[in-house]
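Visitor: Have a look at this one before I ask anything.
The values are calculated or read from the model by the stated rules, or taken from the named source; none is laboratory data. Computed from a predicted structure; not experimentally measured. Backbone-built Cβ (ideal geometry, glycine too); neighbour counts: all protein chains shown. Side chains included, ligands, DNA and RNA excluded: accessible areas come from the protein's heavy atoms. Shrake-Rupley method; radii C 1.70, N 1.55, O 1.52, S 1.80 Å.
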There are 2 protein chains.
Amino acid sequence: MIFSKACEYGIRATVLIAQHSLNGERVGLKVIAKEIASPEAFTAKILQTLSRNKIVSSIKGPRGGFEIPIVNMENLRLYQIVKAIDGEELMEECGLGLKACNPEKPCPIHHQFKDIRTNLVKMLRETTVHDLAIGMKDGATFLKV
Amino acid sequence: MIFSKACEYGIRATVLIAQHSLNGERVGLKVIAKEIASPEAFTAKILQTLSRNKIVSSIKGPRGGFEIPIVNMENLRLYQIVKAIDGEELMEECGLGLKACNPEKPCPIHHQFKDIRTNLVKMLRETTVHDLAIGMKDGATFLKV
DNA sequence: ATATATTAAGACCTTTTTATCTTTTAATTG
DNA sequence: CAATTAAAAGATAAAAAGGTCTTAATATAT
């Protein structure tokens, strides 16, 4: 898979939280785990990472839960989620794992990969969580497992 | 990373073997592991997988080693190596790991991902090991770690 | 035929990723 | 302020990926 399992859950959770935030609602861990069909305790860990990285806001106590202010959502990119969970390796490092790979000393698949990598990064940098939440709200996209 | 470590080593090994095969030489495990800077025993396992999948030919005994007949090389695609080692998940499955994701019920990032995925598969299906071996022979590409 | 060089196979170990459980901290409400 | 609800943190466990070691099988050359 392109993202780790943790990252898949992280993106799914973020989109779900964003969708609820569009309605001015917070969502708790239990609901998130159920809605995105992820293991609850593992999801909690991932949400902690997202919270530490200011990707989601968490509020403790009764009526607490997770939310993403709409203002933030509009400037929050997929790139930031992937970076927070999987790091930037996918976006930056050589497809064959060669540290010495660069345009002057390219690896055997360097050129074949370049455009794919560029487009992936472009997509991750351009796509906002707001875009994704709107897609869900409109019924154009789904988080069905 | 986009490929597993095993797959990175597998591609690197295949390209190295192909390059030697262009010169009519076989390469043994020790040389391969040294040239691509991979752990020898682990590389042996990966070469077994490649051999079982008819991606490389192996010859035992003195003057044995690995080779790829040039005729095969010209029709051998990156896709087959990745499929043999990592499977087809990267090429086929939903970016968010949703089994139910399809064009009628797309996941939140389905459309953003579609073209990237298509281009990746296209590249893996079009790039032959012969292409990569020629690049190495010409000194246009490198397996330097 | 025998010794040797080489890959194949299988058991084993280590590290990382995925996942769970328990305890602590913090916010809300009565 | 006490009780309750919810997330944070940390310790632990299971599974998968990454990696090693030993023994077997097989081809070659003498």
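Visitor: Looking only at residues that are basic (Lys, Arg) and within 20 Å of the chain's Cα centre (by Cα) in region A:102-145, which one is least open to solvent (accessible area, probe 1.4 Å)?
Guide: Result: A:Arg117.
Visitor: Hey, B:Lys34 hits all of (1) more than 13 Å from chain A (Cβ to nearest Cβ); (2) within 16 Å of the chain's Cα centre (by Cα) but one; which does it fall short on?
Guide: Exception for B:Lys34: condition (2).
Visitor: Can we say A:Val15 is touching a Pro at 6+ places or on another chain (Cβ under 6 Å) and either among the β-branched types (Val, Ile, Thr) or open to solvent by less than 10 Å² (accessible area, probe 1.4 Å) (or both)? Spell out the reasoning first.
Guide: Details: touching a Pro at 6+ places or on another chain (Cβ under 6 Å): yes; either among the β-branched types (Val, Ile, Thr) or open to solvent by less than 10 Å² (accessible area, probe 1.4 Å) (or both): yes.
Criteria met by A:Val15.
Visitor: A follow-up question, please. Could you list all residues from region B:42-78 that are in contact with a Leu (Cβ under 9 Å, 6 or more places away or on another chain) and hydrophobic (A, V, I, L, M, F, W, C)?
Guide: Result: B:Ala44, B:Leu47, B:Ile55, B:Val56, B:Phe66, B:Ile68, B:Ile70, B:Met73, B:Leu78.
Visitor: Can you tell me how many residues in region A:7-25 are closer than 11 Å to B:Gly97 by Cα and either within 12 Å of DNA strand D (Cβ to nearest atom) or without any contact (Cβ under 8 Å) to a residue 40 or more places away in the chain (or both)?
Guide: Adding up the residues that qualify gives 2.
Visitor: Taking region B:57-74 as the region of interest, how many residues are touching a residue at least 24 places away in the same chain (Cβ under 8 Å), of a type in the set (Val, Ile, Thr) and more than 8 Å from DNA strand C (Cβ to nearest atom)?
Guide: Of the residues in region B:57-74, 2 are touching a residue at least 24 places away in the same chain (Cβ under 8 Å), of a type in the set (Val, Ile, Thr) and more than 8 Å from DNA strand C (Cβ to nearest atom).
Visitor: Within region B:69-99, which residues are open to solvent by less than 30 Å² (accessible area, probe 1.4 Å) and within 11 Å of another protein chain (Cβ to nearest Cβ)?
Guide: B:Leu78, B:Ile81, B:Val82, B:Gly87, B:Leu90, B:Met91, B:Cys94, B:Gly95, B:Leu96, B:Gly97, B:Leu98
Visitor: Pick from A:Lys105, A:Lys144, A:Lys122: which is more than 8 Å from chain B (Cβ to nearest Cβ) and not small (Gly, Ala, Ser)?
Guide: Numbers: A:Lys105 fails: more than 8 Å from chain B (Cβ to nearest Cβ); A:Lys144 fails: more than 8 Å from chain B (Cβ to nearest Cβ).
None of the others qualify; the one that does is A:Lys122.
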